[in-house]
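Notes for the one structure printed next.
The values are calculated or read from the model by the stated rules, or taken from the named source; none is laboratory data. The shown structure was predicted, so the numbers you read here are calculated from the model rather than taken from an experiment. Counting neighbours? That spans all protein chains shown, and the Cβs are built from the backbone with ideal geometry, glycine included. These area figures cover heavy atoms from the full protein model, side chains too; ligands, DNA and RNA do not enter into them. Shrake-Rupley method; radii C 1.70, N 1.55, O 1.52, S 1.80 Å.
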Amino acid sequence: MVKQKRKLQKGAALALALCFLLGSLAGCGGKPRQAGPVMEGPVNTYIPPVNQEGQIVITMPKTLLGGKTAEELEAEDKAQRQAAAQEGTLDQAGYNALLANEDGTFSYCLTPEQYPKLKAAYYWGGCLRDPFTAEITQEFVAAADYTDFDENGVPWGLTVLVDSKTYYSMELWYSAVVTVAPAVMLGRYQILCGVPGEEWAVHVTVKDADTGEIILENSFPTRGTK
């Protein structure tokens, strides 16, 4: 019973962390913000073929659902679009549709103009940064840097430096914030860079910002395997 309760608590924490960090990447881009400090952004330039309707369709595997079903993601996207339409901000959408597929995966439908913007949003989100300002979004995070870049400029690792006192004060929550949520974002970025759905992988290392001691290491999932 105790193990089951712990598992449920962990699942809830992961879901909340993903909702919190993935919120800025919804179909509606939100209100424009002032530009932050100049930082090096994504260098990968991959753009897939465009279909006859002038759309790019990218399918994300079930391992990148982020704790929800594809149907739930589609329903949330539709609700956000309806709200954006009422606010007059639908033209800021980062993509045209998020659709659930019968096999449990989901697909983004977007234009060639939208594609680099969505890639950039996931790139910044994957290293815990605001996609508009490129500033770190969590106060207890001192630094978050990508590692293990491949020949196409795609990162496969992330190192996060945290204030250990704050981290351990809510370890279940903060561990999800600095590992699972950015791993989902970086995984989706990898897919947008042309990595096959069964090959995405992210290794996250969390360290004490003061001592450099490794607090946690997680891999999501095993690189190059289904």
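Multiply the residue gap between residue 99 and residue 170 by 0.36 nm, knock off their C-alpha separation, and tell me the result in nm, one decimal place. Before the final figure, lay out each step's value.
Values: separation 71, 0.36 × 71 = 25.56 nm, distance 3.47 nm.
Working it through step by step, the gained length comes to 22.1 nm.
In what order, largest first, do 136, 58 sit by accessible area if the probe radius is 1.4 Å? Don't skip to the answer; put the middle values down first.
Working: 136 50, 58 15 Å².
Ranked list, largest accessible area first: 136, 58.
The accessible area of residue 210, taken with all protein chains in place and a 1.4 Å probe, comes to roughly 130 Å². The GluC sites (Glu not before Pro) of segment 138-226 that DSSP puts in a loop, and whose beta carbon has at most 15 other beta carbons within 10 Å, are 139, 151, 198, 199, 213. In nm, to one decimal, how far is the residue 218 label point from the residue 55 one, both placed 7 Å along Cα→Cβ? Result for the modelled spin labels: 3.3 nm.
For the peptides 122-135, 44-57, the ranking by mean Cβ contacts within 10 Å, running from highest to lowest, is 122-135, 44-57. In this calculation the C-beta distance from residue 47 to residue 89 is compared with R0 = 25 Å, giving a FRET efficiency of 0.45. In terms of accessible area, using a 1.4 Å probe and ignoring ligands and nucleic acids, 170, 185 rank largest first as 170, 185.
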